[in-house]
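Colleague: Attaching a single structure in structure tokens format; questions to follow.
The values are calculated or read from the model by the stated rules, or taken from the named source; none is laboratory data. Given the structure is predicted, the values throughout are model-derived calculations rather than measurements. FYI the Cβ positions are ideal-geometry reconstructions off the backbone, even for glycines, and counts take in every protein chain you see. Keep in mind that these areas ignore ligands, DNA and RNA; they rest on the heavy atoms of the full protein, side chains included. Shrake-Rupley method; radii C 1.70, N 1.55, O 1.52, S 1.80 Å.
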Amino acid sequence: MIVRMHFRNPVRLIALLLLLGASVAFFCLGAGVWASSLLASRRIDESFVTIALPKAIELDREEQEWGVSYTERDGISPELVSALEGMTGGPVKRVYRQSFINACSPAFTALTRIPQGGYSTESAQDGGVFVIEIESVAKAPEDDPEGGGAAVRANVLETLAAHPDLGAITKANVTFDCPFPGGAEKLKALGLESGRRLIIRAVAVSNMDLFLKNNISSILGIDVNEVDLSKISFDLPEGALDGMIAAHTPEDRLPAAIYPDGKGGGLYLTRSDLDSIGAYELIVLDYYGLYCNQQAPQFKPDENGGLILDTEAPMTTGRSPLADRVLPAFAEEITGDTEEFLKTHPDWAEAVREIEVRAGSVSVIGTDRLEAVYAFQSGEARMIQGRSMTADEYAGGAKVCVISEALAQKSGLAVGDAVELKPYWGTVKDIFRADLSLTGLRTQPYSGAVGFDGEPVRFEIIGLYRLDDLWKEGQYAFTANTVFVPGSAQFREPFTCNDGLFLSVVLENGAEDEFRKALSERGFPENSFVCFDGGYSGIAKSVSGMALGARRLFAISTAVLFAALAVYIALFVSRRAKELGLMRSLGASDSGSLGRAFIFCLLPAAASSVLGAASGAALVSEAEKRLSAGFGALPEAVSGSSPAFCAAAGAAALALFAAAVGITLLLMGRASPAKLIKRG
Amino acid sequence: MALLKAEELCYHYRTKAQTVRAVDGVSLELERGGFYALTGRSGSGKSTLLSLLAGLETPMSGRITVNGIELKRDVLTLYRRNTASVIFQSFNLFPLMTVKENCMYPLLLQKRSERDAERIACGMLEKVGLDGTYFKRLPAQLSGGEQQRAAIARTLAAGTELVFADEPTGNLDPKTGGQIISLLRSVSHDEKRCVLVVTHDLSIADAADAVFRMSGGRLEE
């Protein structure tokens, strides 16, 4: 009956619905846009990561009598790290540590590269063990107190170990080098002469054929894959040698053939160039290059579960004795069956194993947050399959990893596969901090003499990332031969430590100035960090403007809602006094009369709230579209939640109406029936 | 025993200028089947006394007993629902209820079934001269006389022993007023209910079994 009563005064009902409905719709619009802006701001904030990377090297400027001197020093100190952690909650969200180690896995076939204008594989994958037969001696060993060198042309009879990317090697120019006193004698003892069979351990293998192709492609401006050496012509055009002083030019430097450019001309090739066709250059260096015990860093656990440099641990200094720096297997005459030879010569078997290990060598970076690694933050690297590591995995040190798409393809691996990573130190132990920051995070070559450092650990591949430049060089750059694991999953001590150079600071978006000011207040140079915000500063003003506008709209809509409520109470609810008095005069109880009046008053408010919320949702949806259009690339960040926001706002408005009506009626209902009737 | 007995009723209220003794030590008795008139000048306290007797106000002092039971706050609702009802000068019908719904309302409060309530309400409306064509009309669609008849029908339909009427003919023409007074008189005499009418109309006072005259909040001897 109460509903019917409202319809008996349609004009008043419509006026109420319009007044309350419009105000609720406006309130929902304000609340919805405000909530959307908060959500959008949060999502925008989440989608941008601002990082600050410490500058590796600081220059101390000092006035001298003769001028100004600059001394390099480490830009990171324990005090700075402590200060950064003290800024957490201010401009700094968190200080993330990333540590670096080497590891190998038989499941990996590491990627190699041909550097621009170069011809070598990646150093960690370089080298090989070959059986050669000397064809001719290009340079015989000469007496030299500092060491000895020699060169031969040879046929490669067997490749005992080499990275698969090197392909089939049949012909090679081999250079021998023994850079220590007595080296020449050692080379002479090899008896380098035509027809002699040697087993050699090359520390570097260069594809001369590819080098020649690279030269031709770069000079003629064509793709290296289009270079076809079968097009080489030995019919030199007439007058090709004109202008050259043949008498003073070595024969192997004179034009001997021409590679046609297809336009009637071409590129002259020398005898030396022609010798490169199908040939490799092998460097056989009798020097291990070990600096194992110069200043090996010692680590201890820190309070956060990471590792810090143990400054109190004793450190050994001084170089290794000469014996440790000379290869146990360098070059040696071989006769008979190769397999039998390896069985009886364990040093050579170890040399073969070393090269095999190198073929599966990768860098392993333990991180507290993948997105805080510069390349991921800048967009140079991005996840393309599977997922990144979760907060729980970071915290719990889960044995999961993310590898590059290129490494996965090359190794025939996919998300869900498992790999066993076996850690090792490499050939150097003491110069990592500087090297890692300045030269990038490159895999160190495995050394059989140093060996492995720990048992293999099984990791599950949970995601693949794509790197724009597989071989980018420079500070903090890493190659596609890099595996990311949770920092706390490090399975042995890393090369880097938390007061080292390899850490990144995630800042609150837009807090770069505040960060620099905080640095300055703590006595550190403002410019000791390089900040990257991934483009956040470009939209920061828009985000801030959007939030301010949304807040204002919400404030205005709330004021309008309260104004409508005041009108509703004054012109409708308070006028129910007479009816309340009449009901009581006819015998209605206090609670019964109040309940009936409450329902009667609230019905239009409830209907208005529902209609207003629905209208508000439509308005917010439209507003969100316009907001999204303003942000272009972020439409998904600010849409989709308006029905929920508006329902909540509508419910809040209805609760406000109900409270106001209830309080008004309760206050009114304290009067006697006679007074209520008179008041009406 | 008197149906209603009021003893030394007082009701004062304050205005900005003074304290008004609207009812000041009034005592009276009303018998079952009596038709009483309460007269006096404007401001003499008639309507206030009626409100006190009808349970619409609570006296500041004094007491009212009905059928020997004292009217206290806790029984007022039941008193208004089952024992006493009021006819107001300005009709006071619920504006958004039809004539029939207005008449049914007090009956529904008495927990009567809807069917019973409808039957009684319709019968009473016809008795006051409003036939079925009026039942579904809203008060605003009736004339003043018709509204007053509807209001009387609502009061009488409740079947209470005590009926208080506050100038029920004040807004009616003499002919209609006469009909209303006849109706009230017959209700008191035929149905043995007690009717107290507040009025300025001397013809009503003449028709009453007893007349109370008020002046300055007191009943004149």
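Colleague: Regarding segment B:47-58, can at least one residue be identified that is more than 10 Å from chain A (Cβ to nearest Cβ) and either open to solvent by 50 Å² or more (accessible area, probe 1.4 Å) or β-branched (Val, Ile, Thr) (or both)?
Modeller: no
Colleague: Please indicate, with yes or no, whether at least one residue in segment B:146-153 is touching a residue at least 60 places away in the same chain (Cβ under 8 Å), within 21 Å of A:Arg576 (Cβ to Cβ) and within 13 Å of chain A (Cβ to nearest Cβ).
Modeller: Within segment B:146-153, one or more residues are touching a residue at least 60 places away in the same chain (Cβ under 8 Å), within 21 Å of A:Arg576 (Cβ to Cβ) and within 13 Å of chain A (Cβ to nearest Cβ).
Colleague: While we're here: Within segment B:121-137, identify whether any single residue is within 14 Å of chain A (Cβ to nearest Cβ), free of Cβ contacts under 8 Å to residues at least 24 places away in the same chain and farther than 18 Å from B:Arg193 by Cβ, and answer yes or no.
Modeller: no
Colleague: Take the residues of segment A:166-183 that are farther than 12 Å from A:Ile132 by Cβ and touching a helix residue (DSSP H, G or I) at 6+ places or on another chain (Cβ under 8 Å): which is modelled with the highest pLDDT?
Modeller: This residue is A:Asp177.
Colleague: Collect the residues in segment A:528-544 that are under 23 Å from the mean Cα position of the chain (by Cα), part of a helix (DSSP H, G or I) and either within 19 Å of A:Val95 (Cβ to Cβ) or of a type outside the set (Gly, Ala, Ser) (or both), keeping them in residue-number order.
Modeller: Within segment A:528-544, A:Ser528, A:Tyr536, A:Ile539 qualify.
Colleague: With the checklist (1) at pLDDT 90 or above; (2) open to solvent by 20 Å² or more (accessible area, probe 1.4 Å); (3) not hydrophobic (A, V, I, L, M, F, W, C) in hand, flag the one item B:Gln18 doesn't pass.
Modeller: It is condition (1) that B:Gln18 fails.
Colleague: Additional query: Counting only residues that are β-branched (Val, Ile, Thr) and open to solvent by less than 30 Å² (accessible area, probe 1.4 Å), give me the strands (runs of 3 or more DSSP E) lying completely in segment B:117-221 with at least 2 of them.
Modeller: On the way: elements: B:162-166, B:194-198, B:210-215.
So the answer is B:194-198.
Colleague: Across segment B:73-100, which residue is farthest from the other protein chains (Cβ to nearest Cβ) among those that are of a type in the set (D, E, K, R) and under 15 Å from the mean Cα position of the chain (by Cα)? Write out each step before concluding.
Modeller: First, the residues of segment B:73-100 that are of a type in the set (D, E, K, R): B:73-74, B:80-81, B:100.
Next, from what is left, pick out any that are under 15 Å from the mean Cα position of the chain (by Cα): B:80-81.
Working: B:Arg80: 5, B:Arg81: 2 Å.
Restricting to residues being of a type in the set (D, E, K, R) and under 15 Å from the mean Cα position of the chain (by Cα), the top hit is B:Arg80.
Colleague: Does B:Thr176 satisfy the condition of being closer than 22 Å to B:His200 by Cα, hydroxyl-bearing (Ser, Thr, Tyr) and within 14 Å of another protein chain (Cβ to nearest Cβ)?
Modeller: Taking the combined requirement at face value, the residue does not satisfy it.
Colleague: State the number of residues belonging to segment B:47-90 that are among the basic types (Lys, Arg) and either farther than 21 Å from A:Arg679 by Cβ or touching a His at 6+ places or on another chain (Cβ under 9 Å) (or both).
Modeller: Number of matching residues: 3.
Colleague: Scan segment A:358-393 for residues that are assigned to a helix (DSSP H, G or I), touching a residue at least 60 places away in the same chain (Cβ under 8 Å) and surrounded by fewer than 22 Cβ atoms within 10 Å (Cβ to Cβ) and jot them down. First the steps, then the outcome.
Modeller: Narrowing segment A:358-393 to residues assigned to a helix (DSSP H, G or I): A:358, A:370-372, A:374-378, A:391-393.
Subset that is touching a residue at least 60 places away in the same chain (Cβ under 8 Å): A:358, A:370-372, A:374-378, A:393.
Scanning segment A:358-393 gives A:Glu371, A:Tyr374, A:Ala375, A:Ser378, A:Glu393.
Colleague: Could you list, in sequence order, the residues of segment A:562-592 that are closer than 27 Å to A:Leu18 by Cα, within 14 Å of chain B (Cβ to nearest Cβ) and either surrounded by fewer than 17 Cβ atoms within 10 Å (Cβ to Cβ) or not hydrophobic (A, V, I, L, M, F, W, C) (or both)? Let's see the steps before the verdict.
Modeller: Pass one, segment A:562-592, residues closer than 27 Å to A:Leu18 by Cα: A:562-580.
Going one step further and asking which of them are within 14 Å of chain B (Cβ to nearest Cβ), we end up with A:572, A:575-580.
Result: A:Arg575, A:Arg576, A:Lys578, A:Glu579.
Colleague: Further, regarding this structure: Could you look through segment B:21-46, keep only residues that are of a type in the set (S, T, N, Q) and surrounded by fewer than 21 Cβ atoms within 10 Å (Cβ to Cβ), and pick out the one that is farthest from the other protein chains (Cβ to nearest Cβ)? Quick ask: steps written out before the conclusion?
Modeller: Narrowing segment B:21-46 to residues of a type in the set (S, T, N, Q): B:27, B:39, B:42, B:44.
Then keep just the ones that are surrounded by fewer than 21 Cβ atoms within 10 Å (Cβ to Cβ); that gives B:27, B:42.
Values: B:Ser27: 21, B:Ser42: 15 Å.
By that ranking, first place goes to B:Ser27.
Colleague: Looking only at segment A:394-414, count how many residues are part of a helix (DSSP H, G or I), of a type outside the set (A, V, I, L, M, F, W, C) and touching a residue at least 12 places away in the same chain (Cβ under 8 Å).
Modeller: Going through segment A:394-414 one residue at a time, the tally reaches 5.
Colleague: Also: Can you pull out every residue in segment A:657-680 that is in a helix (DSSP H, G or I), more than 9 Å from chain B (Cβ to nearest Cβ) and open to solvent by 60 Å² or more (accessible area, probe 1.4 Å)?
Modeller: A:Ile663, A:Leu666, A:Leu667, A:Lys678, A:Arg679 - these are the residues of segment A:657-680 that are in a helix (DSSP H, G or I), more than 9 Å from chain B (Cβ to nearest Cβ) and open to solvent by 60 Å² or more (accessible area, probe 1.4 Å).
Colleague: Quick check on my filter: what residues within segment B:101-114 are at the interface with another protein chain (Cβ under 10 Å from one of its Cβ atoms) and not hydrophobic (A, V, I, L, M, F, W, C)?
Modeller: Correct list: B:Glu101, B:Asn102, B:Tyr105, B:Pro106, B:Gln110.
Residues checked against (1) at pLDDT below 85; (2) touching a Lys or Arg at 6+ places or on another chain (Cβ under 7 Å); (3) in a loop (DSSP other than H, G, I, E, B):
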| site | (1), (2), (3) |
| --- | --- |
| A:Glu185 | no, no, no |
| A:Ser194 | no, no, yes |
| A:Ile200 | no, no, no |
| A:Leu212 | no, no, no |
| A:Ile219 | no, no, no |
| A:Asp235 | yes, no, yes |
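Colleague: Output the number of the condition that A:Gly440 fails; it satisfies all remaining conditions of (1) modelled with pLDDT under 85; (2) in contact with a Ser or Thr (Cβ under 9 Å, 6 or more places away or on another chain); (3) at negative phi.
Modeller: Only one criterion is unmet by A:Gly440, namely (3).
Colleague: Assess whether A:Gly318 counts as being modelled with pLDDT of 60 or more and farther than 13 Å from A:Gly448 by Cα.
Modeller: Numbers: modelled with pLDDT of 60 or more: no; farther than 13 Å from A:Gly448 by Cα: yes.
Criteria not met by A:Gly318.
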